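Chemist: Got a structure for you, questions after.
Values in this text are rule-based calculations from the coordinates and carry no lab data. A quick note: this is a predicted structure, and the numbers were derived from the prediction, not measured. FYI the Cβ positions are ideal-geometry reconstructions off the backbone, even for glycines, and counts take in every protein chain you see.
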Amino acid sequence: MKSVGHLDLSVRIGKLLLKNPVIVASGTFGYGQEFDPFIDLSQLGAVIPKGISLNPMQGNPPPRIFETNGGILNSIGLQNPGLQTFIKEKLPYFKKIKTNLIINFFGKTEQEYIELSKRLNDLPGISGLEMNISCPNVQQGGIIFGTDPRMTYRLVTKVRKSTHQPLIVKLSPNVTDIALMARSAEEGGADAVSLVNTFKALAINIHSKKPELGNIIGGLSGPAIKPIALRMVWETFQAVKIPVIGMGGILKAEDAIEFILAGARAIQIGTANLVNPRTGMEVIGGIHQYLLKNKIKSIKNLIGLFLK
């Protein structure tokens, strides 16, 4: 990646200062160390490792991944080793990474969310929290809170009281009114919202006449969802005053710039990491080149510029 020189790529998410707006999304970047051979993680604006629950989760039955036209369906089911194992075995690696570490967390109950936020509150090296209320392929938990604005408000309010960390709420696109959900999170005390998570989707094998995924329903991600995600980010940007972090099908710098123009203060790269582990670095470089070419000194000057 070329030096950013005098150009300012930094953005602020609440109290959190990012050196650039590029974040790698939870669930697509392992626990960071897996990508160490390919990129310098310290160059990223932030890293969000795979989501963590209070106790270990085995996830859904296989098959868990199915490739579709323009994307993938996944039904991992939030498999993870649980908080204690994460703290003991995964967290130490990040001590050498000189960038923001944002922890994605989720629970099956309100109390689990609160307990996790308390335990994550004072862990050294953590820059912020992303509360997942939007996974579409588990039978209970987050998605319940992420589709009812009253439950979203109540949960965010309680978690906000349990932590001093910057709190990002990850929203589900599987709702009638994404702006309403974002306002509920904002009113509950969220410092920012991130959107969108995957869309509920299905694939059927015509030969076996059975679903392609073991859990039947999965979450669709990748470039196929980008136009819808972009529209939802734009709608949300107009509805709230807190920062919006956009994601959904970002493969290259041009995609990221679209989201920023629509109102995203930062972006997350997800599925593209599975195709090209250097995507994050290439997007940072591409944004820099765009600013240079268009004689724009700060990325902040692009945020929400669409239709102004």
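Chemist: Add -39500 (n - 2.57) for each DSSP H run of 4 or more in the chain, then divide by its residues: what number comes out at 222 nm, to the nearest 500 deg cm²/dmol?
Modeler: Numbers: 8 runs with 82 residues, N = 308.
So the helix-based figure for the chain works out to -8000 deg cm²/dmol.
Chemist: Treating only the Cβ atoms of Lys and Arg (+1) and Asp and Glu (-1) as charged, compute the dipole magnitude of the stretch 43-134 about its Cα centre; round to the nearest 20 debye. Provide the component values of the computation, followed by the final result.
Modeler: On the way: 10 positive and 7 negative charges, 74 e Å.
About 360 debye.
Chemist: Related question: Each residue of the stretch 229-240 in turn: what ³J(HN,Hα) in whole Hz from Karplus with 6.51, -1.76, 1.60 and θ = phi - 60°, glycine and Pro shown as x?
Modeler: 4, 4, 4, 5, 5, 4, 4, 5, 4, 6, 9, 10
Chemist: What is the sum of charges, Lys and Arg at +1 and Asp and Glu at -1, for the other residues whose Cβ falls under 10 Å from the Cβ of Ser10? Spell out each step's value before the answer.
Modeler: Values: positive: Arg12, Lys19, Lys300; negative: Asp8.
Summing Lys and Arg as +1 and Asp and Glu as -1 gives +2.
Chemist: Given the stretch 159-282, what percent of its DSSP beta bridges are antiparallel, to the nearest 5? Don't jump to the answer; show the numbers that get you there.
Modeler: Working: 6 of 15 bridges.
Here the antiparallel bridges make up roughly 40 percent for the stretch 159-282.
Chemist: Right, another one. Given H placed 1.01 Å from N in the peptide plane, which residues other than close sequence neighbours of Asn197 have an amide H under 5 Å from its amide H?
Modeler: Sorted by chain and number, the residues that satisfy this are Leu171.
Chemist: Between Asn276 and Ser10, what length comes free when the chain is fully extended (0.36 nm per residue of separation minus the Cα-Cα distance, one decimal in nm)?
Modeler: On the way: separation 266, 0.36 × 266 = 95.76 nm, distance 2.41 nm.
Gain on extension, Asn276 to Ser10, equals 93.4 nm.
Chemist: Still on this structure, please answer the following. Just how far, in whole angstrom, is the stretch 218-247 from the stretch 58-86 if you go by their alpha carbon centroids?
Modeler: Rounded to whole Å, the Cα centres lie 22 Å apart.
Chemist: If you restrict to DSSP beta bridges whose two residues both lie in the chain, what percentage is antiparallel, to the nearest 5? Show your work: numbers first, answer last.
Modeler: Details: 17 of 43 bridges.
Percent antiparallel among DSSP bridges in the chain is about 40.
Chemist: Now for a different question. Give the residue from Val275, His288, Ala262 lying farthest towards the positive end of the charge dipole for the stretch 234-308; charges sit on Cβ (+1 for Lys and Arg, -1 for Asp and Glu) and the dipole is referred to the Cα centre.
Modeler: The residue sitting most towards the positive pole is His288.
Chemist: What order do you get for 207-215, 20-28, 114-122, 145-153 when each peptide is scored by the mean count of other beta carbon atoms within 10 Å, highest first?
Modeler: Ranked by mean Cβ neighbours within 10 Å, highest first: 20-28, 145-153, 114-122, 207-215.
Chemist: So, in nm, how far is label Gln79 from label Lys95 when the simple model puts each one 7 Å beyond its Cα toward the Cβ?
Modeler: Placing both labels 7 Å beyond Cα along the Cβ direction yields 2.9 nm.
Chemist: Further, regarding this structure: What is the distance in Å between the Cα centroid of the stretch 99-132 and that of the stretch 162-194?
Modeler: Between the Cα centres of the stretch 99-132 and the stretch 162-194 lies a distance of 15 Å.
Chemist: Determine the equivalent ellipsoid of the stretch 229-308 by diagonalising the alpha-carbon gyration tensor, then write out the semi-axes as square roots of 5 times the eigenvalues, largest first, rounded to whole Å. Intermediate values should be presented prior to the final figure.
Modeler: Values: eigenvalues 80, 57, 15 Å².
Result for the stretch 229-308: semi-axes of 20, 17, 9 Å.
Chemist: Dividing the Cα convex hull volume of the stretch 46-126 by residue count, how many Å³ per residue is that?
Modeler: Values: hull volume 9.6 nm³, N = 81.
So the per-residue Cα hull volume is 119 Å³.
Chemist: List the residues whose amide H sits under 5 Å from the amide H of Glu130, counting only those 5 or more places along or on another chain, with H placed 1.01 Å from N in the peptide plane.
Modeler: Excluding prolines and chain starts, which carry no amide H, the hits are Ile103, Asn104, Phe105, Ile168.
Chemist: Would you look at the GNM of the chain, springs on alpha carbons closer than 10 Å, and say which of Glu258, Glu130, Glu67 moves the most?
Modeler: Glu67
Chemist: For the stretch 42-103, build the charge dipole from Cβ charges (+1 Lys, Arg; -1 Asp, Glu) around the Cα centre, then report which of Pro63, Ile97, Gly77 sits farthest towards its positive end.
Modeler: The residue sitting farthest along the positive end of the dipole is Ile97.
Chemist: A further question follows. How large is the charge dipole for the chain, taken about the Cα centre, if only the Cβ atoms of Lys, Arg (+1) and Asp, Glu (-1) carry charge, to the nearest 20 debye?
Modeler: 500
Chemist: Okay, moving on. Taking amide H atoms as placed 1.01 Å from N in the peptide plane, list the residues 5 or more away in sequence, or in a different chain, whose amide H sits under 5 Å from that of Gly30.
Modeler: Under 5 Å from the amide H of Gly30 lie the amide H atoms of Lys50, each far enough along the sequence or on another chain.
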